[in-house]
1. In the range B:337-375, what residues are more than 7 Å from chain A (Cβ to nearest Cβ), polar (S, T, N, Q) and out of contact with any strand residue (DSSP E or B) (no Cβ under 7 Å at 6 or more places or on another chain)?
2. Test each condition in (1) within 29 Å of the chain's Cα centre (by Cα); (2) surrounded by fewer than 22 Cβ atoms within 10 Å (Cβ to Cβ) for B:E334 and report the one that comes out false.
3. I'd like to know if the range A:240-260 contains one or more residues that are among the charged types (D, E, K, R), surrounded by fewer than 20 Cβ atoms within 10 Å (Cβ to Cβ) and in a helix (DSSP H, G or I).
4. Return the only residue of B:K226, B:K270, B:K261 being surrounded by 16 or more Cβ atoms within 10 Å (Cβ to Cβ) and among the charged types (D, E, K, R).
5. Considering only residues that are of a type outside the set (S, T, N, Q) and touching an Asp or Glu at 6+ places or on another chain (Cβ under 7 Å), which ones fall in the range B:304-316?
6. Suppose the filter is in contact (Cβ under 8 Å) with a residue 12 or more places away in the chain, over 14 Å from the mean Cα position of the chain (by Cα) and within 26 Å of C:A263 (Cα to Cα); does C:S151 pass it?
7. Out of B:E61, B:E108, B:E101, which single residue is modelled with pLDDT of 90 or more, more than 28 Å from the chain's Cα centre (by Cα) and facing chain C (nearest Cβ under 8 Å)?
8. Any idea which of B:S314, B:S320 is more than 11 Å from chain A (Cβ to nearest Cβ), touching a residue at least 60 places away in the same chain (Cβ under 8 Å) and in contact with a Ser or Thr (Cβ under 9 Å, 6 or more places away or on another chain)?
Amino acid sequence: MYRLKKIFTTDSYIVPLVAIVLGFLVGAIVMLVGGYDPIAAYAALFKRVFGSPYDFGEAVREMTPLMLTGLAVAFAFRSGMFNIGADGQVMIGMTAATVVGIKLAFLPSFLLVPLAVIAAGLCGGLWAGFAGYLKAKRGINEVITTIMMNWIALFLANYIVRTFLLLPGQNRSENIPASLSMTFLNSTFDNARLHWGTLIAIAAAIFFYIFLWKTKQGYEMRAVGLNPHAAEYAGMNVGRNIVKAMFISGVFAGLAGAGEVLGVFHYQSVFAASPGYGFDGIAVALLGLTHPLGVILAAILYGTLTYGSAGMSFGADVPPELIRIVIGSIIFFIAAQGIVRWVLKPFYFKRKKEKVL
Amino acid sequence: MSAAAPVVELKQITKRFPGIVANDSISLTLEKGEIHALLGENGAGKSTLMNIVFGLYQPDEGSIEIDGKPVIIDNPNKAIELGIGMVHQHFKLVDPFTVTENIVLGMEPKKGLKIDYKSAAEQVRKLSEQYGLQVNPNAKIHDISVGMQQRVEIMKTLYRGADILIFDEPTAVLTPQEIIELMAIMKRLVAEGKSIILITHKLKEIMQISDRVTIIRRGKVIDTVKTSETNPNELAEKMVGRDVTFKVDKQPPTVGQAVLKLIDVSSKNKDGVSVLNGLSFEVKAGEILGIAGVDGNGQSELIQAITGLRKIDSGSINMSGKEIANLSPRKITEMNVSHIPEDRHKHGLVLDFTVSENMVLETYYKSPYNKNGFLNNEVINQYAEGLVKKFDVRTASIENKARSLSGGNQQKAIIAREIDKNPTLLIAAQPTRGLDVGAIEFVQKQLIEQRDKGKAVLLISFELDEIMNVSDRIVVIYEGQIVGEVFPQDTNDQELGLMMAGSLKRGGNAGV
Amino acid sequence: MDVLGQLLNTTLVFSTALIFAALGGIFSERSGVVNIGLEGLMMFGAFAAAVGGYYAQDAGMGAWAPWIGVLCAMAVGVLGSLIHAVASITFKADQTISGTVINFLAAGSTLYMVKLLFDGAGETPLIDGFSKISVPWLSKIPIIGEGVFDSYPTTYLAIVLVLVIYFVLFKTPFGLRLRAVGEHPSAADTLGVNVNRMRYIGVMLSGMLAGMGGATITLTTTSTFAHNTISGQGFIAIAAMIFGKWNPLGAFAAAVFFGFSQAIRNYVQLFEWSQNIPQEFIFMIPYVLTIIVLVSAVGRSSAPSALGQPYDPGKR
């Protein structure tokens, strides 16, 4: 609680807030230049999200994988790595959950569902851990390997679905009997596809926080992330920590995959291209300043924007890609904090002046 | 002195940084053909002042005159134009480039679109002959000696036609013989009409070579005196502001059993070059063994080998009767080895951890700091609080990041952590580098105190004075080998210097 | 065997874009700025080439239209890279994050513009693009003639640029300064070389070249720009740059290798024995090869020493 208070009393939150405002401004300018009405567009965006219980539920559904992939990227970041491969890890997690969910369907549900979820996390973790291993043992930049492994994961997932799980005549797997859906909320949210994955995501964020800042293992990972030389000097096994951190990062992403197939679609498609979960995860992690609480908040913002963007194109005819520009700008302003400070300067100046008067 | 205007005149230069006044109304003149020493402790403001002269910083107040004309030097280009050249303490040389490439960078002679390397190399050779600098124009920087690297730095300024040369702590990395050579070069430069500002905190050199000395302390000029009219004690007192002896107080050692024993240790680096070459020595309980040597002769690798950060290919490292060669750093730490690392930012601290987190960097996994996998922050904070008090680490709070501490306090924090582990062997690598006199005294006192408690202390330093003053016994390392073993009371700088340069072997197991 | 000639020809078609982008990466990283935004810069280029080429063609410029497309791509690439430069050089933002921002902004803004310009369509109208030019005499040489000397003009341009950039980097004052800034910025600074200016130039050149790489894809392969036109080529270009040790000749060889591994998947399918291999595994080839190659090559040992560090003159 003390920590929480500290987060909100320091000025660390001012920069992201101003960055968000600036990002929306950039979006508005882009819309004005394109001949659109930004106010109508933004209004349509928020109306879409908060307009009906169904839409609100669906927006939460949209936020869920963002939380987990955001946590995945953030966790790796804290340990000194840039995991661009959350995308592939999600795909592998999906596939693992689908395989278990279909092939072990004879098991009772209370065994099957947890097993499928665990398989997803484990496989996602191993997939990411391999990139960590290559970095630890061979010094290969994880950015490159994780990107390459995204493609490999995409094709591998498609191969498995097409060869072993295909629903005849369709470009997708059979239906998965295992389900993470929260069916008891169906009436409240008008059959929006809410599922237990959201709670898993929040649990993951809590785990993230406690593990990294309260445990011995987390202490090691932070040390490795901040200064691998000092960590080695202090007797920590840098390579092992890198692999472990990537594994945990991949587990988060894999769980996101489980939520998608077991909670939302109940089958797995053959994907023509990468679904882009990892790409979003990077944005969420950066928006959330790689802090678990920040990541959850960022996922809520990002989910709101992306889900609402459909409303924006429907209500004000604005291409939904505009939201990417808004989000890109927000991250830009957060990364280049100097710009935000520069924008804020006149404010601080003014305030001081007022005090003098 | 003639009526001509001084080549450089600084008038009441003031430079403020957040929280401190680095230069407080400093005035100084440099006459033509003069070697003018600028004396002060680390952090006194010497480097700031010279960076202002060289255009890297702008003064907040005051003015600069060159040959009697007021000038504004707002970037290094302007300084170069005005004939000012700087020989930096940390050489500004691009390692994978050749000597010539480094010298001509930014002022390349051209033939068509190409750099005319032929005429460039020719010019380098000419300058090299004129001033007796002896550099090989086509050698790569990472293949040449430190002394030659420094001559390349000098050459860079001469190539640009500098008449005013600023030497920033030029002798810090040189052997006594190389220092003599450097002095000769400086004399020759002055004879050729150049003027020199020499920044240093070494009194011996000032007495040997300078014409005048300006002493600054805490950003203020204390005095400017003629070298011929002063003496080292007076200078020292003015520099530090109180009577200092520079002699370390210590009793003769009570030497016990050998604690650390290295026999024939060899190790190659990743390019297959031998960095440790069959090296043998031992450190006994209750003594401080100093390892003298020029930077880059295997000192870092030696420490890495002892502490488990580097694998050795052959030989034996024995600690209190147990073989520790090629064990993990953690296993070795657990044998009661403490290590004050050479580079405190790279190895000693996680700068973005709090002071308190840094205090348990090697012990966090042990009880009581670790309870069932969870860190016990209360205990850790209590422990850190205690250490901070005991070793007088100045920090507003133990929750502050280590980054926010001054260099001296960062070093104190490391020393606190390492000494408090109650080691059998304490390895101190360059423990006083970059610290001011007060902090240096503190660190050296701690080392001697550990020795008096019967610990074995291994001291690695490039500062000959420190080796001579603090050690009970000295071994000299050269190209990964021990080439000499002497007692400080029966040797001198000259002899050590010859050994450090590899041209003399003496005593001990030098021949092995 | 004209299959070999065709394979070589296709290899060069795929390689060309990678060569441009990898050369761009070299300029940026040799100056000390990590450029993970190559993907986005290629996207900017591909988009600008498609749009510029379309309007030029519309205006009746015929065979010149694709060249207008290339020019537009270079210009837009430079503009895009300026975002990276401002953030990472002037405002000292984390270079990896700032590069990621480029990728984001490119993905969003190009499609936004496409929809804006072409009434909500998901891709640009088809354009003619470049045609292959066969070099007299040389194209008659067996295999090599068909493989190399009957290529798109962009391919010839890329090969010439490899040599030009090699010369610029290693023989001219500009190259010496650029490399010095990436290795030891404060050394360059004290000799009067403006570190940030050199880095701006490096990043902008990388934007220009990556833009040309993107243009190559629209003007020789896809004839249109859509969300999946680039699909990872920028990242493969980064791998080519690393594998080529930040040297134009090395990067060229690596880019050809990656182009080959993309080309071969079309050719493998011509053989009967390949029918038993699931297509997914054939699709994986370039990516698996990239990892294998990186595993067997040395790590980042030859990377510029100051790569990724903003220059702060106050720190020494």
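1. Passing the criteria: B:S356, B:N358, B:T363, B:S367, B:N372.
2. (1)
3. Taking the range A:240-260 and keeping what is among the charged types (D, E, K, R), we get A:240, A:244, A:260.
Within this subset, residues satisfying the condition of being surrounded by fewer than 20 Cβ atoms within 10 Å (Cβ to Cβ) are A:240.
Of the ones still in play, those that are also in a helix (DSSP H, G or I) are A:240.
Scanning the range A:240-260, I find at least one residue that is among the charged types (D, E, K, R), surrounded by fewer than 20 Cβ atoms within 10 Å (Cβ to Cβ) and in a helix (DSSP H, G or I), so the answer is yes.
4. B:K261
5. Restricting attention to the range B:304-316, the residues satisfying the condition of being of a type outside the set (S, T, N, Q) are B:305-306, B:308-313, B:315.
Listed by number, the residues that qualify are B:L309, B:R310, B:G315.
6. Working: in contact (Cβ under 8 Å) with a residue 12 or more places away in the chain: yes; over 14 Å from the mean Cα position of the chain (by Cα): yes; within 26 Å of C:A263 (Cα to Cα): yes.
Judged against the criteria, C:S151 is a match.
7. On the way: B:E61 fails: facing chain C (nearest Cβ under 8 Å); B:E101 fails: more than 28 Å from the chain's Cα centre (by Cα).
Exactly one of B:E61, B:E108, B:E101 is modelled with pLDDT of 90 or more, more than 28 Å from the chain's Cα centre (by Cα) and facing chain C (nearest Cβ under 8 Å), namely B:E108.
8. Details: B:S314 fails: touching a residue at least 60 places away in the same chain (Cβ under 8 Å).
Selected residue: B:S320, the only one of B:S314, B:S320 that is more than 11 Å from chain A (Cβ to nearest Cβ), touching a residue at least 60 places away in the same chain (Cβ under 8 Å) and in contact with a Ser or Thr (Cβ under 9 Å, 6 or more places away or on another chain).
The values are calculated or read from the model by the stated rules, or taken from the named source; none is laboratory data. These figures come from a predicted structure and were not determined experimentally. Cβ atoms come from the backbone with ideal geometry, glycine included; neighbour counts cover every protein chain shown.
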